[in-house]
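This report concerns only the one structure given below.
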Ligand code: UGA
């Protein structure tokens, strides 16, 4: 099938590559000419395992194309443009409506608009009204994505479910054909109305956020009661009704999705005249977490003013170069506010995208060992595998870390080994 993906951001690029892998001929369109030029020159705009290789392969096979214009005969359009949120959860749908406007100006009646951008509940049906007002007739379908950054292509090709929200039953035949290779793998295909599909998307992220926030609170109770956080997560997760995923303690959930979707969902409650009591509590618990962690760091170091603190991991989690909504950055800002001096390191972040004008003293390094120079303590803020392979023996013998304090916010290092080497090792659920 011939498919156009509109908006080549994270979701758009993965969707385009994924659909091409399923055997469709995919045209990725973006208004950002530079982004398209980069893609055509073989530079993937994001860091995601295997994606560059796949793009090269699919491009050579002529299954994947990129451009700034639509193709005359295409009728199936995935809309994957960004839907930025303000602090109160209001979603800016301007880019989505701009994409729709550009499509209705170009495509004759009868096209399929598949909304993959995450939108507030009720948006697809509003789009249907909008099209009616414009006297055009296209089918609008909600087809939310459940792609984790860092595993996005895997998630596209091995989803837990495909959710289709369609008022027009005739469209489902086309969608069944479109996703046939996945349906052959017996992936559940949930057909519902557009509003429910939109709600499934945001509610799924809200559930994940909920799970993480509650586990993090329990982690604080572990510190006080000397219960074992690792065993607690395992013990809860082995209950099949709860499941073991998203029970890892950490510095709080971040990224461009969980925090945004939970705020947006909370706003939908307000807009429909009812209140969620749980969502605001989850938002507050997660925000509180950053301050709590900084207080603990301050206590461990006996004050942080003018002390150099090395911090490994700036992205919101491992295996991505994305720093949007990163807990590391929230923690850094709070440390800077207390006049700590930060030495930051990350294996993938593009440091030039991080702006800290006037916020304090911060320096980024390209090498984990150099980052430690003169530092009092090392904070591990994301769970990159390479942090487990750091030569702590060398760091200790060469006296690279002044106070030999390691604070592990992801519990990825080996406590016994580090203590044997003479480090003071602090981790979540035990000391923090
Ligand atoms: C999330 C969802 O997992 C996807 O299903 C969804 O499609 C996507 O948002 C989206 O809406 O587009 P993502 O933002 O990539 O994906 O991030 P996650 O892997 O879900 O992690 C979110 C945050 O939770 C990260 O900060 C992570 O470190 C944290 N986390 C995750 C924990 O603190 N503990 C855990 O056990 C799991």
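The values are calculated or read from the model by the stated rules, or taken from the named source; none is laboratory data. A quick note: this is a predicted structure, and the numbers were derived from the prediction, not measured. All Cβ positions, glycine included, derive from the backbone under ideal geometry; neighbour counts span all protein chains shown.
Looking at 236, 262, 200, just one residue is surrounded by fewer than 17 Cβ atoms within 10 Å (Cβ to Cβ) and either over 25 Å from residue 164 (Cα atoms) or within 12 Å of the ligand (Cβ to nearest atom) (or both), and that residue is 236.
Is it the case that segment 241-258 has a residue that's at pLDDT 95 or above, in a helix (DSSP H, G or I) and closer than 25 Å to residue 117 by Cα? Yes, segment 241-258 contains at least one residue that is at pLDDT 95 or above, in a helix (DSSP H, G or I) and closer than 25 Å to residue 117 by Cα. Looking at segment 186-196, is at least one residue within 16 Å of the ligand (Cβ to nearest atom) and in contact with a helix residue (DSSP H, G or I) (Cβ under 6 Å, 6 or more places away or on another chain)? No: zero hits.
Per the listing 428, 378, 372, the residue uniquely over 27 Å from the mean Cα position of the chain (by Cα), at negative phi and buried (at least 17 other Cβ atoms within 10 Å of the Cβ) is 372. The residue pairs whose first member lies in segment 242-270 and is more than 19 Å from residue 427 (Cα to Cα), whose second member is part of a loop (DSSP other than H, G, I, E, B) and within 6 Å of the ligand (Cβ to nearest atom), and whose beta carbons are closer than 6 Å, counting only pairs six or more residues apart or on different chains, are 254/316; 255/316. For segment 116-166, residues that are within 14 Å of the ligand (Cβ to nearest atom) and at positive phi total 1. Residues of segment 339-351 include at least one that is surrounded by fewer than 17 Cβ atoms within 10 Å (Cβ to Cβ) and within 22 Å of residue 292 (Cβ to Cβ).
For (1) within 30 Å of residue 384 (Cβ to Cβ); (2) at pLDDT below 95; (3) surrounded by fewer than 22 Cβ atoms within 10 Å (Cβ to Cβ), each residue gets a yes or a no:
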residue	(1), (2), (3)
121	no, no, no
126	no, no, yes
131	no, no, yes
145	yes, no, no
154	yes, no, yes
